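A short reminder: the numbers here are calculations on the coordinates, not readings from a lab. Remember, it's a predicted structure, so these values are computed and weren't measured experimentally. Glycine gets a Cβ as well: all are built from the backbone with ideal geometry, and neighbour counts include every protein chain shown.
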Amino acid sequence: MTASETVGAPARRPAAPTVFAHLRGGGVSLALDLRTSRPQVLHWGPDLGADVDLPTLATALAPPVARSAPDAPRPRPLVPMPVDGWPMRPAVTGARADGSSWSPDLQLHQRLPTERTGALRLVLADPQAGLSLEVDLVLDAHGILAVDQRLTNTGDTAYRLDLLATVLPLPDVAREILDLTGRWCRERAPQRHPLPMGCWSREGRHGRTGHDAPLLLAVGSPGFSFEHGEVYAVHLAWSGDGVLWAERSPVGRAQLGAGERLGPGEVVLEPGQSYAAPTVLASVSTTGLDGTSAAWHAHVRARPGHPRRPRPVTFNSWEAVYFDHRLDRLCELADRAAAVGAERFVLDDGWFGGRRSEHAGLGDWVVSDEVWPDGLEPLLAHVRGLGMEFGLWVEPEMVNPDSDLYRAHPDWVLGPRDRERQTWRHQLVLDLGRAQVRDLIVERLEALLAAYDIGYLKWDHNRDLLDAAGADGRPGARAATLGAYEVLDRLRDEHPDVEIESCASGGGRVDLGILARTDRVWPSDCLDPVERQHIQRWTGLLLPPELVGAHIGSGRSHTTGRRHGLGLRAATALFGHLGIEWDLTAASASELDQLTQVVAEHRRLRPLLHSGRIRRIDHPDLSALVHGVVATDGSEALFAYVQLTSAATEVCAPVRLTGLDPDRTYRVRRVSLGDDASTHHIAGPAWVDGTEPGPMLTGRALQSAGLALPILRPEHALVLHLRQE
Ligand code: GLA
């Protein structure tokens, strides 16, 4: 190492023997002090500016020595470990069979060159403990910090790894936690509470991301909201088990951590072997959760694999026909779907093997002669003839005991050899840690993709991995997750034009690990628009709307039994990757007309919806949600006012529409979703009914004074389009 290396902007006065690193991007700084043997984090938070004097900052930030404490100031290491006198969760946990190497002293060994700007690569090593750790840090232009770590066993005996985590410091202002939880049909429900002394830890134990996954674990200034506050958030880009935590200690330190949750003995590194941890990503916002989402959305949109072409309006057959596959019925549905403007037709579960119900057939990925005597070609030709793309449902990681695959290879499933394996939705999980299993899946799917003109796979994963022993009896969830990634990667390499959706009994696999190899997520099996308002709002914390499937279901929700008019169903689905999942042969002519208008509006507005910046207004009346999307150039915006329950007041106070360009003048108009305005509101300004032109106001006025809106009936919504005039 040379004495004056800096990354990013150099310090104003490159002082004597100092080595600092300063990554900057998107209004965020990560400043490291590399002068001592163990790299220290000086600052992770709002940008310090290019001219910050890091040596002086280091001096200014050095804490005093407390009484009854270590005799040197307690540092803030990049990789905190017991050797640092760190009384909180360490970054690396593990040991050798004789108990040694549990407390390595990982000292800075090398700083490797990187091609990327805003990147830093460090190698830390403890030759005596026989461990070396490579840490890759990238802070992108949107302020998202990505951390990749790889631990290598350089010793001569096996090393059992229990955790390799990324641990980031939290400032004192971060005192309130928000993360998400959930279950089937109620994914991504927020929960928040103060960050006490101690540790708030969220552990995934599903072998898949899980319906209750935190998505983001955020810690912010007390009372932070969508529009206000300082928020630090972390995400684990991984589709297996994980642990995310926030921790505060009386020593005056707080931290945010994330890593893969490993089962006992799941990773044992033989000499020379390495473990690569899943990427941990983290954000800093000084403008509330909308600032958080803006950073994540920009990061996600900048990925090379992010879908670029307009998101095709998708018809899905599941809630329309379930397992009742009949060519004539599906062709009729395709006719109706195409007529209302759908661009993709997805044949869901039930087309293969003995799959006439959820009891049989998974694993046998051959078209069923029984229901499709002439194969899928007649349907596919019909769909293609209507100008739509054809998509197919698969669930390749699973097998029903009642299947030819299981009868031939009963040992290819995860689970202990000496106990009965637990079924879930009558299915078992294939052990994708085995090469033969991966090869078989790739071969079967390749055969389908070769035989049929398939543009889209809905890739499902309908159960947890319980008691998931691999072939050697050890925990097998990690190998299965990596196996699934490999299978997806191989298929993507061969078929780059086939889009893939990540579904897992609805939204059980929503994370940036799976999204590195898929094109959208199915956030929930619940199409009830009231539930969906919440599910999509919180899924949007991490994901931009073009990645989130949002379908218009039938008038009566299949999962909640509630009934809603098409207006609310449409106003809800409009804000995602639009789809239809409804038996259109049972829809009335007026419903089909209305749906046609909705699809046309979505297709017209989709460039804005799928590129703009999300806004969620801090609306004081909790009976309603206000959210929208503002074009990145500020020229237009779309807002929804969603009355969930009866309003608390007779009339609602003017609603402030924020995020607009203060100096532009916008014309407001109600977006007609085919419904008669009078059916959804009780009283309102004339422009809402279209009898008068909508108001024309500056962004400044709209966000400072607001706009009076009609009194809406509960479970109704109003969508507004604002365009610069
Ligand atoms: C899961 C999915 C549904 C549907 C069914 C088919 O539950 O979430 O959308 O595809 O499987 O069995």
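Annotations for the structure displayed:
- Sparsely packed trypsin sites (Lys or Arg not before Pro) within the range 82-124, loop by DSSP, other Cβ within 10 Å at most 11: 116
- Taken about its Cα centre, the range 431-532 carries a charge dipole of about 260 debye when Lys and Arg each add +1 at the Cβ and Asp and Glu each add -1 at the Cβ.
- Only Lys, Arg, Asp and Glu carry charge here, each on its Cβ (+1 for the first two, -1 for the last two); on that basis the range 311-390 has a dipole of about 240 debye about its Cα centre.
- Length-normalised contact order for the range 606-725 - Cα pairs under 8 Å, 6+ apart - percent: 32
- For the range 281-299 versus the range 568-600, the gap between their alpha-carbon centres in whole angstrom: 32
- Of 379, 627, 237, farthest towards positive along the dipole that unit charges on Lys, Arg, Asp, Glu beta carbons give the chain: 627
- Whether the chain is rounded, prolate or oblate, judged on the alpha carbon gyration tensor where a/c under 1.5 counts as rounded: oblate
- Electrostatic tally near residue 96: other residues with Cβ closer than 11 Å to its Cβ, Lys and Arg +1, Asp and Glu -1, net -1.
- Note on the range 601-664 and the range 117-174: Cα centroid distance 41 Å, given to the nearest whole angstrom.
- Amide H contacts for residue 389 (H built 1.01 Å from N in the peptide plane; partners 5 or more residues away or on another chain; cut-off under 5 Å): 344, 345.
- Net charge in the neighbourhood of residue 282 (other residues with Cβ under 13 Å of its Cβ; Lys, Arg +1, Asp, Glu -1) is -2.
- Formal net charge of residues neighbouring residue 40 (Cβ-Cβ distance under 10 Å; K, R +1; D, E -1): +1
- Net charge dipole, the range 506-629: roughly 260 debye, given to the nearest 20, about the Cα centre with Cβ charges of +1 for Lys and Arg and -1 for Asp and Glu.
- Dipole orientation for the range 459-569: of the candidates 461, 544, 559, 559 has the Cα lying most toward the positive pole (charges on Cβ; Lys, Arg +1; Asp, Glu -1).
- Across the range 278-287, rounded Karplus estimates of 3J(HN,Hα) from the backbone phi angles (6.51 cos²θ - 1.76 cosθ + 1.60, θ = phi - 60°) give x, 4, 10, 10, 8, 10, 10, 10, 10, 10 Hz, Gly and Pro being marked x.
- Span-rule helices in the chain, defined as complete DSSP H runs reaching 18 Å or more along the axis (Cα) with Kyte mean at least -0.5: 288-301, 327-340, 435-451, 477-494, 589-609
- HN-Hα J in Hz across the range 112-121 - Karplus 6.51, -1.76, 1.60, θ = phi - 60°, x for Gly and Pro: 8, x, 10, 7, 7, 7, x, 10, 8, 10
- Between residue 189 and residue 112, the contour length at 0.36 nm per residue exceeds the alpha carbon distance by 23.5 nm.
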